């Protein structure tokens, strides 16, 4: 099989006349924690390549979250024979001439938007009900996060296509959370950190996927949250009681923007936030929805 590789403009292009089947262990993309930032992407690329490869590919230690499982379901609808003989293994019988007949699948609710509203439930004295098609699949995917919420003391009630969160009695209980490829999502980590700020005592949240994803903690500290971020984890010393008004904060990424927005709504007076343009990358209308719940948000 002839391959051409081109590296230019910060990216690369690979061309192959035909893909051939092989055996791959996706654990090669783990960090020493048995997790890591490349496991999800490597699994998805391997699954797609195996689907059109010539022969049978065996993938071990696959990333088992819904984004991969839904991809497998769609490939099966398209006619690809995918076996799951054991947990963490996929056997894919490739179809080099994969038919192009249309297939349809209903995606679950956006998982981290659900987590965002779980965090926002502390803003509402009645709690918040989240509804959407495919919510049952989203809730299965978020089982680790829901366990953390219950441990914190946040009431969680599930329905066929709904999730009701709160109201919660403050202070919450401290938690010890490990973010990993098969557990709590790394994207959920900032929201759980904010919730831990309302707990009585010390909480620890360790991220084994994106170990440096704590840039938002300095900004939360500006609002009075007591945090200690180091070595891939953050310690939260609660409860957060001395909220500091009048701060000007900047969000460096999508989840930081959402967390700072929710945190600012707990602070008396006016907080000025910049970097909120990041929200458009992950939410359809987060600020508008919060306003409909009564939040006082003005966009400059």
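Being assigned to a loop (DSSP other than H, G, I, E, B), out of contact with any strand residue (DSSP E or B) (no Cβ under 6 Å at 6 or more places or on another chain) and surrounded by 14 or more Cβ atoms within 10 Å (Cβ to Cβ) is not true of residue 102.
Taken over the stretch 242-300, the criterion of being over 20 Å from residue 124 (Cβ atoms), free of Cβ contacts under 8 Å to residues at least 24 places away in the same chain and in a helix (DSSP H, G or I) is satisfied by 257, 277, 280.
The strands (runs of 3 or more DSSP E) found entirely in the stretch 1-82 that carry 1 or more residues being surrounded by 15 or more Cβ atoms within 10 Å (Cβ to Cβ) are 23-25, 56-60.
Condition check ((1) free of Cβ contacts under 8 Å to residues at least 24 places away in the same chain; (2) in the same structural domain as residue 206 (by TED's automatic domain parsing); (3) under 24 Å from residue 179 (Cβ atoms); (4) over 26 Å from the mean Cα position of the chain (by Cα)) across all residues:
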site	(1), (2), (3), (4)
32	yes, no, yes, no
47	no, no, yes, no
55	no, no, no, yes
62	no, no, yes, no
73	no, no, no, no
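The values are calculated or read from the model by the stated rules, or taken from the named source; none is laboratory data. These numbers come from a predicted model, not from an experiment. Counting neighbours? That spans all protein chains shown, and the Cβs are built from the backbone with ideal geometry, glycine included.
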